Amino acid sequence: MKKILRITGKILLLLLIVLVVLIGGIFIYNKIMLVSEEALIEKPIGQYVEVDGHKMNIYAEGEGKHTLLFLSGSGTAAPVLDFKSLYSLLSSDYKIVVIEKFGYGFSDVVDSERSFETILRQDREALTKAGIEGPYILCPHSMSGIEAIMWAQNYPDEVEAIVGLDMALPRAYDNWDWDSTIKKERLAAFARELGIVRFFYSDSQLPEKLTDKEKKIYRALAASKAVNTCIINEGLAIPDAVTEIDRKPKPDIPMLMFVSDGHETGVENWIEIQNDYISDLTNAEVIELDCGHYVHNFRQDIIAEKLVEFIEEDSEEEVEMILQIDGKEIPVTWEDNASVDALSELAANGLEIQMSMYGGFEQVGSIGSSIARDDKQTTTSAGDIVLYSGNQIVVFYGSNSWAYTKLGKINLSEDELTELLSNGDVTLTLSR
């Protein structure tokens, strides 16, 4: 019996030694690879902007009337690359933007609180500093659905619609086991430190549309940043965010929800929650997809097709009003409000307005009658079209702060607007 115990003990000791050597080898290999991969991730795929004293990466490509803003799910190591399979199908028609929050992709890891109010403030500031203006069609994956809803509740003028990519909704977290989740995330963070996480990002596990170099970049970012303190702290902030969302009405804006089979989400009634959420909204649809949680990497073709249909159908309902300045047609995105509706009625028979330069930052002219107004204190920027005192239209090539009603936004650069509006009085014509 003692002999058997001695043999068993030796076998266990040998296995332990092999395990220690194996983990030690993986640890050393990972450290060597991290050094060799530094050049791969030295420069971002996108542009850095400074927010709260740290670097945040913003990626943008394409042009178009609508801006699709992609928000990644929890723990996605490289959002710019993760969404590529989908946005590469859309960038010829729309402006594509991907935010990499702190702790994600090329952005800095910060050791600070990660409330969703803070995350939203930082994302909005980053977009402003990158010169990317709304309104946005938010395209959140997974946990970022919470941020998207909060964004639409708090800043409705900035959100044109929400396209959910298997996005999480408040009720998905009602019975969530937070203790277990945090333990798993901390274990995963330890696995990253050991170098084990690297082996979960083999080529077969990464989006197939990526080039070999992009897969190496994805793997390098995952090995250096996966499941860091930002991601863990975000998870801890979800209950408070859900409570805050539940205090306010649902944002009744156009929504298109692409939903997975739910098996990878850890939520038993995942699909039911999605359908329940939209049941009392006026313009919302759920499209069920028979695939895993990262729907944009499994069903990108059908998502792109349905997303385009959704945007174009919604656009057909927008105000069709043509703006000309000194006979030149100018691209405009009009607001959806009573003032624009009234202005559109006046434009039905053609409306010519003699404008005058004022203050070195605007052109102003009378529309000849008073229309509905909903003035709010506003700081304008170049391209803004507003209603002043209910009977004057103002077009800005600079900035001013006053109580206005928003009418629209001219889709030209600041330099183009200055050239168009700063060289003397102009004639503005509205027609349908």
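The values are calculated or read from the model by the stated rules, or taken from the named source; none is laboratory data. On a predicted model such as this, the values are computed, not experimentally measured, just so you know. Backbone-built Cβ (ideal geometry, glycine too); neighbour counts: all protein chains shown.
Look through segment 37-61, keep the residues that are of a type outside the set (D, E, K, R) and outside any strand (DSSP E or B), and return whichever of them is modelled with the lowest pLDDT. Here the residue is ALA39. In segment 104-218, counting only helices (runs of 4 or more DSSP H) that sit wholly within it, the ones holding 1 or more residues that are closer than 30 Å to ILE28 by Cα and of a type in the set (Ser, Thr, Tyr) span 178-194.
Within segment 286-302, which residues are part of a helix (DSSP H, G or I) and hydrophobic (A, V, I, L, M, F, W, C)?
Narrowing segment 286-302 to residues part of a helix (DSSP H, G or I): 295-298, 300-302.
Once the filter is applied, which keeps residues that are part of a helix (DSSP H, G or I) and hydrophobic (A, V, I, L, M, F, W, C), segment 286-302 yields VAL295, PHE298, ILE302.
Go through segment 325-361 and report how many residues are within 30 Å of ILE253 (Cα to Cα) and not small (Gly, Ala, Ser). Steps first, please.
Start the filter on segment 325-361 by keeping residues that are within 30 Å of ILE253 (Cα to Cα), which leaves 329-348.
From the residues that got through so far, the ones that are not small (Gly, Ala, Ser) too are 329-337, 340-341, 343, 345-346.
Residues in segment 325-361 being within 30 Å of ILE253 (Cα to Cα) and not small (Gly, Ala, Ser): 14 in total.
Only a single item in (1) at pLDDT below 75; (2) within 25 Å of CYS230 (Cα to Cα); (3) among the aliphatic types (A, V, I, L, M) is not met by LEU69, and it is number (1). Mind checking whether some residue in segment 303-314 is assigned to a loop (DSSP other than H, G, I, E, B) and either within 21 Å of ASN411 (Cα to Cα) or in contact with a strand residue (DSSP E or B) (Cβ under 8 Å, 6 or more places away or on another chain) (or both)? So far as segment 303-314 goes, no, none of its residues is assigned to a loop (DSSP other than H, G, I, E, B) and either within 21 Å of ASN411 (Cα to Cα) or in contact with a strand residue (DSSP E or B) (Cβ under 8 Å, 6 or more places away or on another chain) (or both). For first residues located in segment 136-165 and under 24 Å from GLU63 (Cβ atoms) and free of Cβ contacts under 8 Å to residues at least 60 places away in the same chain, partners that are surrounded by fewer than 24 Cβ atoms within 10 Å (Cβ to Cβ) and aliphatic (A, V, I, L, M) and lie 6+ apart or on another chain with Cβ distances below 7 Å form the pairs TRP151/LEU120; TRP151/VAL159.
Out of the residues in segment 219-231 that are assigned to a helix (DSSP H, G or I) and touching a Gly at 6+ places or on another chain (Cβ under 9 Å), state the one that is modelled with the lowest pLDDT.
Quick first cut of segment 219-231, residues assigned to a helix (DSSP H, G or I) only: 219-225, 229-231.
Restricting the remaining residues to those that are touching a Gly at 6+ places or on another chain (Cβ under 9 Å) gives 221, 223, 225, 229-231.
Details: LEU221: 91, ALA223: 80, LYS225: 84, THR229: 87, CYS230: 90, ILE231: 88.
The residue in question is ALA223.
In segment 208-235, the qualifying residues are those that are farther than 19 Å from SER107 by Cβ and not basic (Lys, Arg), and the one that is surrounded by the fewest Cβ atoms within 10 Å (Cβ to Cβ) is ASP212.
Under the condition of being among the hydrophobic types (A, V, I, L, M, F, W, C), in a loop (DSSP other than H, G, I, E, B) and in contact (Cβ under 8 Å) with a residue 40 or more places away in the chain, the residues counted in segment 374-432 number 2. Could you please let me know if GLY145 is buried (at least 22 other Cβ atoms within 10 Å of the Cβ), small (Gly, Ala, Ser) and in contact with a helix residue (DSSP H, G or I) (Cβ under 7 Å, 6 or more places away or on another chain)? Answer is no for this residue. Scanning segment 75-91 for residues that are out of contact with any His (no Cβ under 9 Å at 6 or more places or on another chain) and either assigned by TED's automatic domain parsing to the domain that holds ILE330 or part of a loop (DSSP other than H, G, I, E, B) (or both) gives GLY75, ALA77, ALA78, SER88, LEU89, LEU90, SER91.
Here SER339, SER344 are screened, and the one residue that is assigned to a helix (DSSP H, G or I), in contact (Cβ under 8 Å) with a residue 40 or more places away in the chain, outside the structural domain of PRO135 (by TED's automatic domain parsing) and touching a Ser or Thr at 6+ places or on another chain (Cβ under 6 Å) is SER339. Residue selection: ALA126 satisfies the criterion of being within 24 Å of HIS54 (Cα to Cα), small (Gly, Ala, Ser) and within 14 Å of the chain's Cα centre (by Cα).
For segment 385-395, a tally of residues being surrounded by fewer than 23 Cβ atoms within 10 Å (Cβ to Cβ) and under 21 Å from SER413 (Cβ atoms) returns 1.
Against the definition (touching a residue at least 60 places away in the same chain (Cβ under 8 Å), under 22 Å from the mean Cα position of the chain (by Cα) and surrounded by fewer than 17 Cβ atoms within 10 Å (Cβ to Cβ)), how does VAL308 come out, yes or no? Here the answer is yes, as VAL308 does meet what is asked.
Cβ-Cβ under 7 Å, sequence separation 6+ or interchain: first residue in segment 206-233 and of a type in the set (D, E, K, R), partner crowded, with 19+ Cβ neighbours inside 10 Å. Which pairs? Every condition considered, the pairs that remain are LYS209/LYS84; LYS209/SER85; GLU214/LEU81; LYS215/LEU206; ARG219/ARG198; ARG219/TYR201; LYS225/ALA77; LYS225/GLY103.
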